[in-house]
Amino acid sequence: MTTLKPISVLFVCMGNICRSPMAEAVFRHMVGEAGLTERISIDSAGTGAWHAGEPPHRGTLDVLRKNGVDAGDQRARQLAADDFRRFDYIAAMDDENLAAMRRFPPEARARVRLLLDYAPGLAAREVPDPFYSGGFDEVYALVTAGCRGLLEAIRRDQGL
């Protein structure tokens with residue numbers, strides 16, 4: 001029996017403590033509900049290293065808990081050049097992070113897009129950073145919509 005290599009997904013924001021760990025947890029939850037845990041691997045990273053090693057922001061943890069989503073034991077890490085070779089799908093939270101990622105030499109197989117490109121019916125194009133201003137409920141709603149669309153795209157692209 002052949003074991004298929006998991007499809008790999010990476011979520012990226014600035015510090016990897018608010019939006020991208022939220023997206024990682026939400027997407028992991030959706031993948032589990034879809035019975036695809038063995039087929040899809042999920043991670044998150046930040047374009048900066050300010051919070052490396054830290055757990056997600058309290059606001060992220062609170063909104064995830066309120067919505068019945070487990071954050072697991074996530075710790076922030078910085079995006080690395082190797083991530084562009086390791087991940088099949090890379091979803092940035094906003095244009096600033098997308099621009100920062102374009103400074104790395106991406107490999108052809110990585111599909112780098114904004115997360116909300118997977119939710120074209122929304123008026124928003126970017127997931128706002130709630131680090132200083134709050135708004136974690138709004139961010140959760142946007143992340144959920146983007147993750148839902150990303151899972152649909154992966155299922156369609158990969159025949160799952």
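Quick note: the coordinates plus some simple rules give every number you see, no bench work behind them. Keep in mind that what you see is a predicted model, and the values were worked out from it rather than measured. Cβ placement follows ideal geometry from the backbone for every residue including glycine, while neighbour counts extend to all protein chains displayed.
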- Residue among 33, 126, 138 with the largest mean-square fluctuation in a Gaussian network model of the chain, springs linking Cα atoms under 10 Å: 33
- Which of 47, 37, 60 has the fewest Cβ neighbours within 10 Å, and the rest in rising order: 37, 47, 60
- Pairs of Cα atoms farther than 21 Å apart, the range 20-87, %: 28 percent
- What list of ³J(HN,Hα) couplings, whole Hz, do you get for the range 25-41 from phi and the Karplus terms 6.51, -1.76, 1.60, once you set θ to phi - 60° and write x for glycine and proline? 5, 4, 5, 4, 4, 5, 4, x, 4, 7, x, 10, 4, 6, 9, 10, 9
- Query: Cβ under 14 Å from residue 117's Cβ, residue 117 left aside: what net charge do those residues give with Lys, Arg +1 and Asp, Glu -1?
  - Reply: -1
- Message: Just to confirm a number: summing +1 for Lys and Arg and -1 for Asp and Glu over residues other than residue 66 whose beta-carbon lies under 14 angstrom from that of residue 66, what do you get?
- Response: -2
- By how many nm would the segment from residue 117 to residue 102 grow when fully extended, if each residue of separation counts as 0.36 nm and the alpha-carbon distance is taken off? 3.7 nm
- What is the Rg over Rh value, at two decimals, for the chain, using alpha-carbon atoms and the Kirkwood definition of Rh? 0.94
